[in-house]
Amino acid sequence: MAIKTLAELLPDQYDDAEFRTTFARIALQEVDRIDNLVRRLRGLKTSATIQMQPLNIVTPLESTLELLSGELQKRYIEVTRQYEPSLPQIIGSADQLKQVFLNICLNSAEAMGQSGDLTITVGVDPDGEQSEVVMTFADTGPGIDEDVIETIFEAFVTSKNDGSGLGMAICKDIVGLHRGTICAANRSDGSGAIFTIRLPVYQGDSQYESLASDHGLTPATHAVSEFAG
């Protein structure tokens, strides 16, 4: 029951001690949830607090999968990894990228419900000039509703009854901060959804200054130290 609904019922049920206890508990939980959400959103907009460095994208990905292992096992969801060997590094924030992977994997798990397969591939763009690392997350759920697929990365768009509609918007902001792209589609065989992330390959220290310039940090030497931590 939403906190708004509880607030509407409060005048009529104020004398019900059990109702007051339930209202207080849910209100506190919701305040904590919203506070954490606002903190995350504020963090996205404060570039100087985000530490970026060259990294192998598999490192934060595997850290996320380890965090989710219990949840995935409980749901009987099998994870298939298809990683190319000797992947080039990207420049990024491991913590921010983990948030992206967490949101995508949880969305897939919730969509699949009890049992399913999540296939994660990581490689270099075979059609490009080896300048992008490409990741795909393919699940065996029901797919993405047609009425939200075009706007899934906009804030407050969700097909869940209890969703905030911010998870995918946060993903888009973080990937954009890394000068990457993210897109969602339904699998061609109709067996689920697939999310694709493209991130530029690390090209050298000049990327520090370029990223810093993108986010208004000057002078460049100061921006580099802020991003590199």
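Miscellaneous remarks
- Single match in 66, 146 (criterion: assigned to a helix (DSSP H, G or I), surrounded by fewer than 18 Cβ atoms within 10 Å (Cβ to Cβ) and out of contact with any Asp or Glu (no Cβ under 9 Å at 6 or more places or on another chain)): 66
- Within the stretch 15-66, considering residues that are charged (D, E, K, R) and at pLDDT 75 or above, the one nearest to residue 198 (Cα to Cα): 62
- Hey, residue 97 at pLDDT 95 or above and either in a loop (DSSP other than H, G, I, E, B) or in contact with a strand residue (DSSP E or B) (Cβ under 9 Å, 6 or more places away or on another chain) (or both) or not: no
- Residue check, residue 194 outside any helix (DSSP H, G or I), under 20 Å from the mean Cα position of the chain (by Cα) and modelled with pLDDT of 90 or more: yes
- Test set (1) at pLDDT 75 or above; (2) assigned to a helix (DSSP H, G or I) - residue 226 fails condition number: (1)
- Test: residue in the stretch 74-94 that is assigned to a helix (DSSP H, G or I), modelled with pLDDT of 80 or more and under 25 Å from residue 173 (Cα atoms): yes
- Within the stretch 66-88, residues that are of a type in the set (Phe, Trp, Tyr) reach partners that are exposed (fewer than 11 other Cβ atoms within 10 Å of the Cβ) with beta carbons closer than 9 Å, at six or more positions or on different chains, in the pairs 76/114; 76/115.
The values are calculated or read from the model by the stated rules, or taken from the named source; none is laboratory data. Computed from a predicted structure; not experimentally measured. Backbone-built Cβ (ideal geometry, glycine too); neighbour counts: all protein chains shown.
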